[in-house]
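To start, the structure itself, in structure tokens.
The values are calculated or read from the model by the stated rules, or taken from the named source; none is laboratory data. Note that the structure is a prediction, hence the values are computed from the model and not measured. Neighbour counts run over all protein chains shown; Cβ positions are idealised from the backbone, glycine included.
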Amino acid sequence: MKKISILLFAFAAVLSFNACSDDDDFSFVAKPDPEGISFENEPLASYALEAENENNLAERFVWNAVDFDAPTPVKYELQSSVENTFEGMTILASDLTETNYGVTVKNMISLAEEAGLDSDPDTEAPNTGNLFFRVRAYVGDKASNLVEQLSDTLSLYVVLVEPKDDAEPIELKPQLFLVGDATAAGWNPENTNTPLFRDPENENVFFFTGRFAGGADVEGFKLLETLGQWQPQWGLDNGNVSNSDLLGSDPSAFKVSEDTYYSFSINKEDLTYTWEKYDASAAPIYSSIGILGDATADGWDADQDLTKSTFDPHIWYIEGITVTDGEAKFRLDNTWDTSWGADTALSGQGTLGGPNIPVSAGTYNVWFNDIDGRYLFIRQVTEE
């Protein structure tokens, strides 16, 4: 009797094992999302493309997430073409896991030139036309298991701006300004808000080293592109850099835990940022810093004094200064014992005893940070 029981138990175990083996042998079959995929960004009526602004962001394409009902990551590919049939298309980015991608002015100009456009008024080629974009969602990496889905085509009207013969174009660079209860301006979008300092080589990258008035009851800070305007604004979405255009609503603030000095940087194109405490205890507190040069009213003979921030003694500024074509430097206490300069116009990082800063005629708000030597000239344009 005991042997029969053992045999029955073994037989049941074998059946159970086979059943488990059969269950483990199943596979998932991906299938297209019935909701489809489509762009969510609203395109502009037209895109003016200028070569001198090639590093600027022309458009950030945003689309909805797709669910292929399979336990594998969905990837995306942004495609462009000069024809709406997408023959000879260009793949701008592939294997994306995020549902957005930024295209620069340089990328757009290259695509426009492929379409036969140019900005030379002496040629017969047109300087306006349409570019076509679509996004592809897919899972799998082989023809046998690849499942994909394409969005509808998005058409963008572009204009390659012809150079002006009569005058130099006014160069307006992108800006970012601090706002929030951790900043000097508070939650006021037009209160001499301190700007971030733009990288001279990449107009999508900004830096700021200075005081943030953080604390347990402090909401933090956000970034504005235009003084006096709350949109678009930059902040965080679940810990990631985002903005109101991407979200369709306001992002949350960057948190500041202590009232101290921090180094902050942000890349608008990559949607990344850095944030760390900065030890400013050894940084000297200066009494007077000015700007001078053959581009300023009194030439190299006298400084135009900057105003020291009452919130952060290392931040200096002067508003509405009118300059001519020429050069300038920043210096301490109206003497040449300590001065800062660099060879990049409009923004840069001055070094002690560095070269003269190239300046173009116009009216500017000028900002200077004596901790890291960064400077910024913000062109002021008034309607005539």
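Remarks
- Flag: Ser252 matches the condition of being within 30 Å of Gln233 (Cβ to Cβ), under 23 Å from the mean Cα position of the chain (by Cα), surrounded by fewer than 19 Cβ atoms within 10 Å (Cβ to Cβ) and in the same structural domain as Phe221 (by TED's automatic domain parsing).
- The stretch 290-328, residues that are over 16 Å from Ile378 (Cα atoms) and in contact with a Leu (Cβ under 9 Å, 6 or more places away or on another chain): Gly290, Asp298, Gly299, Trp300, Asp301, Ala302, Asp303, Gln304
- Across the stretch 268-283, the qualifying residues are those that are of a type outside the set (Ser, Thr, Tyr) and surrounded by 11 or more Cβ atoms within 10 Å (Cβ to Cβ), and the one among them that is farthest from the chain's Cα centre (by Cα) is Ala283.
- Residue within the stretch 261-278 that is assigned to a strand (DSSP E or B), in contact with a strand residue (DSSP E or B) (Cβ under 8 Å, 6 or more places away or on another chain) and either at pLDDT below 95 or over 27 Å from Gly186 (Cα atoms) (or both) present: no
- All positions within the stretch 351-368 that are part of a loop (DSSP other than H, G, I, E, B) and either at pLDDT below 95 or under 26 Å from the mean Cα position of the chain (by Cα) (or both): Ser360, Ala361
- Checking each residue in the stretch 137-147 for being surrounded by fewer than 19 Cβ atoms within 10 Å (Cβ to Cβ) and either modelled with pLDDT of 90 or more or among the basic types (Lys, Arg) (or both) picks out only Lys142.
- Residue ID - farthest from Phe206 (Cα to Cα), chosen from residues in the stretch 341-350 that are assigned to a loop (DSSP other than H, G, I, E, B) and touching a residue at least 24 places away in the same chain (Cβ under 8 Å): Ala342
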